[in-house]
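Written out below as structure tokens is the structure these notes cover.
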Amino acid sequence: MDLKLYSYWRSSAAYRVRIALNLKGLEYDLVPIHLLRDGGEHHRAAFLELNPQGLVPVLTDGGRVYRQSMAILEYLDEAYPEAPLLPSEIRARGRVRSLAQIIACDIHPLNNLRVNMYLDKELGIKGKDRIQWMNYWMTEGFTAFESMLAGSPTTGEFCEGDTPTMADCFLVPQVYNARRYGCDLAPFPLITEICERCEALAEFRVASPENQPDAET
């Protein structure tokens, strides 16, 4: 099998790629990288050769290595054009990218594992205060995301139209994190409805953290 995904079950960035691979019907080998055990397997020399940033996901396709979830999804769409993750119309593609980047650039970086660990260990921001930080930034981002959904006539059953796109691949994992940390989603009915439709699809269910071979209780 040429495609190999280095993943951690709770990584929302790896979750995005798992969804995308499933939506495109691509088979792949999954290589679990534990981000907490023994100081984090992503800090080991062998993994740093794959990704000097020490982050998951990493996708390999034959001898080529791809890093960063947005770039990986773009690559998959270009290399494997069946079941596209981006619409054919240029304006729709731009909108999908904008929605995805709200998650990738503005929400997720402020509440991912390494930021949490820095807040805890270096700044002494722990427990409820740290969760409050995370939920503040998720709420800020979701507010803009919800407004963009409500304000566009092209919002359909999913973020853009009636077929899941890259935007849905990014949204569902972020909502998973929001639920995990008790972020109030009541102000975001469109986000909630779209996520529920996505989660009813096998491609999303199979990709969910609890269904990964390295999932922990």
Using alpha-carbon pairs under 8 Å, 6+ residues apart, how would you state the relative contact order of region 90-204 in percent?
-> 31 percent
Once you have all Cα-Cα distances for the chain, histogram them in 10 Å bins from zero and send the whole-percent values.
-> 8, 34, 37, 18, 3
If each K or R counts +1 and each D or E counts -1, the residues other than G94 whose Cβ falls under 14 Å of its Cβ total +1
So what is the relative contact order for the chain, in percent, with contacts set as C-alpha pairs under 8 Å and at least six apart?
-> 25 percent
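Would you mind calculating the relative contact order of region 3-83 from Cα pairs under 8 angstrom and at least 6 residues apart, reporting the percent as a whole number?
Once normalised by length, the contact order is 36 percent.
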Across bins of 5 angstrom width beginning at 0, how are the C-alpha pair distances of region 1-92 distributed, in whole percent?
-> 3, 14, 25, 25, 15, 9, 5, 2, 1, 0
Roughly speaking, what is the stretch gain from E78 to T217, that is 0.36 nm per residue apart minus the C-alpha to C-alpha distance, in nm to one decimal?
-> 46.4 nm
Report the extension gain between A71 and L48 in nm, rounded to one decimal, defined as 0.36 nm multiplied by the number of residues separating them, less their alpha carbon distance.
-> 6.4 nm
Zone of R114's modelled label, taken as backbone nitrogen in region 129-164 under 13 Å from a point 7 Å along Cα→Cβ | none
Among the lysines, which have Cα under 24 Å from the Cα of K4 when same-chain residues fewer than 8 positions away are ignored?
-> K24
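Quote to one decimal, in nm, the extra length available between R205 and L190 on full extension: 0.36 nm per residue of separation minus the C-alpha distance between them.
Computed gain between R205 and L190 is 3.4 nm.
FYI, it's all coordinate maths here, none of it is from the lab. Predicted model only: the values in this text are computed from it and were never measured. So basically every Cβ, Gly included, is an ideal-geometry build from the backbone, and we count neighbours across all protein chains shown.
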